[in-house]
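To start, the structure under review is shown below, and the notes come after it.
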Amino acid sequence: MKTYAKLTPEGTRDLLFEESDALGAVERQLGDLFLSRGYRKIVTPTVEFYDVFNRESAGTLPESLYTMTDNAGRLLVLRPDSTLPIARVAATRLRTARLPLRLYYNQSVFSRRPKLAGYSDETTQSGIELIGAGGLRADLEALTLAARVLERCGGADYQIEIGHAGYFQSLCDALDADGDTVSEIYACVESKNFVALGTVLDRLGDTPQTRAMRQLPQLFGDASVLQKAAEAAGLADGETHAALAYLADVYARLEKAGLAPHIILDLSLVQRTNYYTGLMFRGYLADSGEPVLAGGRYDRLIAEFGENLPAVGFGVQTDLLARLKLRRGEQTPPEAPEALVFGETGYETAALETLEDLLCAGKRAENSVAQSLTEALADARARGVPVVYVTGENGVREVRV
């Protein structure tokens, strides 16, 4: 026997029955929501050329990619992200399409994870990309749609953390630090490991920027944190203060929309993907300790593929939502059929016609593939099916179990 013939690769698993049903239910739920807002579905290849992701803005480490070669020796990857392939499509096949583009997707992404990290290498995501629209209106559309996703999938108990790439980036730009040190700082902040961050900052000395970064754990909460962030930044450049002013405007609009109880400002919010240029956000449900969705504005990414288009979007962890659905008991096994249909020898096709008649009449019915009526009745009894319709020489007769 081949060693791995009965196993799945590390980081992957089979989805059976209720698990698969729960995932399908979440995908349909989100698809209906996105369609109702004017978004059209797009599917990109599972396998992409390595060059799509071989860019600093992707934020993907080469060792995290599943790679292979095609028959011409060209390097391919299993897509680790859906936004970059959609950026490629927007800049090529949809280059002349009417703007803005409202696109949504539902597909798997792949990334090699460290062993025992507790994460799957294959995950499923749904999400939206609003392409060709910059500014406040588009950002508010994405944020409020994210709120609707969380509300529909988890009820009223949800939170959205929002930040701005410009605040943290401007602090990093002002540091007297090499690229490796800045990457280390990003990793510490992204993982909220502020003890490790302090160790890195100690190497850079006491400057206004390092002092501001040490205050990042406190820059979390309601609109009052924006003043604290401005004071922490001190005499930082205009980009820093423009980012804070923009967040204040966004927060005020969300407050008017009644969403303020669900919004938390977080100036330490960063993403490993480096393409975000403005607003960033993450969404949480009360019964999940990890983000259910994440996204933000990326105004320079599509230009890397040849078209200068602003964009904003977010991705939803549909497999996580499916697990939450199962944990809450919202996904139950399908009900047993109300009837079985059994065809006597020579009347198997007639039995299938009887089955169609029952289904058209709205009954939950199933064809019996038992080898005898005795077996069919035993199967019905074991499954709690109350009646078997027997099709034979004298037509259809009903046998109560």
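Values computed for the structure shown
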item	result
Cα principal axis extents for the range 287-359, largest first, Å	68, 37, 17
Potential extension, Leu61-Asp222 segment - 0.36 nm per residue separation minus Cα distance	54.5 nm
Estimated translational D of the range 226-377 in µm²/s (Stokes, Kirkwood radius over Cα pairs; 10 °C; 1.306 mPa s)	74
For the range 1-63, alpha-carbon Rg relative to the globular expectation (2.2 N^0.38 Å, N residues)	1.66
Bins of 10 Å from zero: percent of alpha-carbon pairs in the chain	4, 18, 24, 22, 13, 9, 6, 3, 1, 0
For the range 248-291, alpha-carbon Rg and Dmax in angstrom	12.2, 32
Carbon plus sulfur fraction of accessible area for the chain, probe 1.4 Å, in percent	50
Residue list for the range 272-306, given a label point 7 angstrom along the Cα-to-Cβ vector of Asn193 and an amide N cut-off under 14 Å	none
Extreme residue, positive dipole direction of the chain, given options Leu340, Pro9, Leu75 (C-beta unit charges)	Leu75
Value of relative contact order over the range 138-243, rounded to a whole percent, pairs C-alpha under 8 Å and six or more apart	32
Over the range 152-298, equivalent-ellipsoid semi-axes from the Cα gyration tensor in Å	26, 17, 13
Principal axis dimensions, largest first and in whole angstrom, of the range 93-203 by Cα	50, 36, 36
Between helix 224-233 and the chain: long-axis angle, C-alpha atoms, 0 to 90°, nearest 10	50
Cα-based radius of gyration of the range 48-101 once divided by 2.2 N^0.38 Å, which approximates compact folds	1.28
Angle between the chain longest axis and helix 348-360 axis [Cα atoms, degrees, rounded to 10]	50
Simple label model, 7 Å out from Cα along Cβ direction - Glu398 to Ala97, nm	5.3
Surface/4 estimate of mean projected area, convex hull on alpha-carbon atoms of the range 148-189, nm²	4.2
Gyration tensor over alpha-carbon atoms, the range 35-159, equivalent ellipsoid semi-axes in Å	28, 21, 12
Semi-axis lengths (Å, descending) of the ellipsoid that matches the C-alpha gyration tensor of the range 335-401	16, 15, 9
Cα Rg over Rh - the range 96-145, Kirkwood	1.16
On Cα atoms only, tilt of 238-256 relative to the major axis of the chain in degrees	40
Accessible area per residue, Å², the chain with all protein chains present, probe 1.4 Å	51
Unsatisfied cross-links (Cα-Cα over 31 Å) in the set Lys41/Lys363; Lys41/Lys325; Lys228/Lys325; Lys6/Lys363	Lys41/Lys363; Lys228/Lys325; Lys6/Lys363
Euclidean distance between Cα centres, the range 318-376 to the range 239-309, Å	47
Near-label residues of the range 336-351 by backbone N, under 20 Å of a point 7 Å along Cα→Cβ of Ser20	336-337
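The values are calculated or read from the model by the stated rules, or taken from the named source; none is laboratory data. All of these numbers come straight from a predicted model, not from anything done at the bench. Positions of Cβ are generated from backbone atoms using ideal geometry, with glycine treated the same way; all protein chains shown enter the neighbour counts. With ligands, DNA and RNA removed, areas are computed over all heavy atoms of the protein, side chains included. Shrake-Rupley method; radii C 1.70, N 1.55, O 1.52, S 1.80 Å.
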